[in-house]
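Here's a structure for you.
The values are calculated or read from the model by the stated rules, or taken from the named source; none is laboratory data. All of these numbers come straight from a predicted model, not from anything done at the bench. Glycine also receives a Cβ, built like all others from the backbone with ideal geometry; neighbour counts cover every protein chain displayed.
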């Protein structure tokens, strides 16, 4: 437990909430003068026993339950990034799911400008794989420059003719991603409908039931047919907007022609600085 960071986050956000906004009075006279809710008022609003919140904010509540952390996060109006921080500080692990089911459904508008500035195919989808933003290069991949509204459904159903070696290079790798997403978003109507269609599909259903361990495409290479440039293959880069859990930025680096057999691109690592002793020897001759 990171007591210092936990106290800093909670006390700062608690100070921003006026007691009057919840029908409570602010202490007067010789009493407390600090801004915002008192720790006891937090207990009142969360219907917890006296001293519960004090234990949490002071870092003296080992393994606090998920429902307490969620109630505090909702009361303090934490965003998704702050929710992850709260969970890591208090429970030393990532939260089991987003704070709100509506999270991951939108990203700041500047993401459209960001993908427009990427030279390779690039797009942003929300947590349900619905398209939020795309650049010209991504749109050019499709006949009539009409990108799919939902990229998960496209990869599993509508794009089979365009995705070369679909049954071996695409479907078995995409289905585990859907399963992992549903594990965290069990009531997502878009994902549930796609799962329903998968289970009704004679090709996809057996693959889905078999399971699989692939849950993200970062670094994958897969064959594809470009509407303009013809058959080729793409190398995938995947990232996530921090304020939208489940949303994703995908960059596809397209290579025309037949994919060449070669080793995976080496991992990037931080460049190590020259050892001090080496620098000193060089300086002194």
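Could you identify the single residue in 71, 43 that is over 30 Å from the mean Cα position of the chain (by Cα), under 30 Å from residue 184 (Cα atoms) and not in a loop (DSSP other than H, G, I, E, B)?
Numbers: 71 fails: over 30 Å from the mean Cα position of the chain (by Cα).
None of the other options fit; the residue is 43.
Something else now. Condition test on residue 115, is it part of a helix (DSSP H, G or I) and touching a strand residue (DSSP E or B) at 6+ places or on another chain (Cβ under 6 Å)? Working first, answer last.
Values: part of a helix (DSSP H, G or I): yes; touching a strand residue (DSSP E or B) at 6+ places or on another chain (Cβ under 6 Å): yes.
Against the criterion (part of a helix (DSSP H, G or I) and touching a strand residue (DSSP E or B) at 6+ places or on another chain (Cβ under 6 Å)), residue 115 qualifies.
Given the condition in contact with a helix residue (DSSP H, G or I) (Cβ under 7 Å, 6 or more places away or on another chain) and on the phi > 0 side of the Ramachandran plot, answer yes or no: does some residue in the stretch 151-171 qualify?
Checking the stretch 151-171: not a single residue is in contact with a helix residue (DSSP H, G or I) (Cβ under 7 Å, 6 or more places away or on another chain) and on the phi > 0 side of the Ramachandran plot.
Of the residues 101, 131, which single one is outside the structural domain of residue 80 (by TED's automatic domain parsing), within 22 Å of residue 153 (Cβ to Cβ) and at pLDDT 90 or above? Spell out how you get there, then give the answer.
Values: 101 fails: at pLDDT 90 or above.
Just one listed residue meets the conditions, 131.
Next up: Condition (residue is in contact with a helix residue (DSSP H, G or I) (Cβ under 8 Å, 6 or more places away or on another chain), in contact (Cβ under 8 Å) with a residue 40 or more places away in the chain, over 30 Å from residue 254 (Cβ atoms) and not assigned by TED's automatic domain parsing to the domain that holds residue 37) applied to the stretch 110-126: is it met by at least one residue?
No, the stretch 110-126 contains no residue that is in contact with a helix residue (DSSP H, G or I) (Cβ under 8 Å, 6 or more places away or on another chain), in contact (Cβ under 8 Å) with a residue 40 or more places away in the chain, over 30 Å from residue 254 (Cβ atoms) and not assigned by TED's automatic domain parsing to the domain that holds residue 37.
Based on this model, can you work out whether residue 183 counts as assigned by TED's automatic domain parsing to the domain that holds residue 220 and under 19 Å from the mean Cα position of the chain (by Cα)?
Numbers: assigned by TED's automatic domain parsing to the domain that holds residue 220: yes; under 19 Å from the mean Cα position of the chain (by Cα): yes.
The answer is yes for residue 183.
What pairs come out if I take residues in the stretch 48-60 that are assigned by TED's automatic domain parsing to the domain that holds residue 76 and pair them with residues that are in a loop (DSSP other than H, G, I, E, B) whose C-beta lies under 7 Å away, six or more apart or interchain?
Every condition considered, the pairs that remain are 55/61; 56/64; 59/1.
Just to be sure, is residue 87 under 22 Å from the mean Cα position of the chain (by Cα) and assigned by TED's automatic domain parsing to the domain that holds residue 237?
Details: under 22 Å from the mean Cα position of the chain (by Cα): yes; assigned by TED's automatic domain parsing to the domain that holds residue 237: no.
When the stated conditions are applied, residue 87 does not pass them.
Results for (1) crowded, with 18+ Cβ neighbours inside 10 Å; (2) touching a strand residue (DSSP E or B) at 6+ places or on another chain (Cβ under 7 Å); (3) more than 22 Å from residue 9 (Cα to Cα), shown as yes or no for each residue.
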| position | (1), (2), (3) |
| --- | --- |
| 63 | no, no, no |
| 68 | no, no, no |
| 99 | yes, no, no |
| 103 | yes, no, no |
| 107 | yes, yes, yes |
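With respect to residue 166, is the statement that it is at pLDDT 95 or above, in contact with a strand residue (DSSP E or B) (Cβ under 6 Å, 6 or more places away or on another chain) and surrounded by 15 or more Cβ atoms within 10 Å (Cβ to Cβ) true?
On the way: at pLDDT 95 or above: yes; in contact with a strand residue (DSSP E or B) (Cβ under 6 Å, 6 or more places away or on another chain): no; surrounded by 15 or more Cβ atoms within 10 Å (Cβ to Cβ): yes.
For residue 166, the condition - at pLDDT 95 or above, in contact with a strand residue (DSSP E or B) (Cβ under 6 Å, 6 or more places away or on another chain) and surrounded by 15 or more Cβ atoms within 10 Å (Cβ to Cβ) - is not met.
On to the next question. Just to be sure I understand, how many residues within the stretch 46-68 are more than 20 Å from residue 80 (Cα to Cα) and not in a helix (DSSP H, G or I)?
Number satisfying all stated conditions: 11.
Please go through (1) on the phi < 0 side of the Ramachandran plot; (2) touching a residue at least 40 places away in the same chain (Cβ under 8 Å); (3) assigned to a loop (DSSP other than H, G, I, E, B) for residue 100 and return the number of the only condition it doesn't satisfy.
Unmet condition: (2).
Check the stretch 203-214 and report whether any residue there is farther than 15 Å from residue 152 by Cβ, loosely packed, with under 10 Cβ neighbours inside 10 Å, at pLDDT 90 or above and over 24 Å from the mean Cα position of the chain (by Cα).
Yes, the stretch 203-214 contains a residue that is farther than 15 Å from residue 152 by Cβ, loosely packed, with under 10 Cβ neighbours inside 10 Å, at pLDDT 90 or above and over 24 Å from the mean Cα position of the chain (by Cα).
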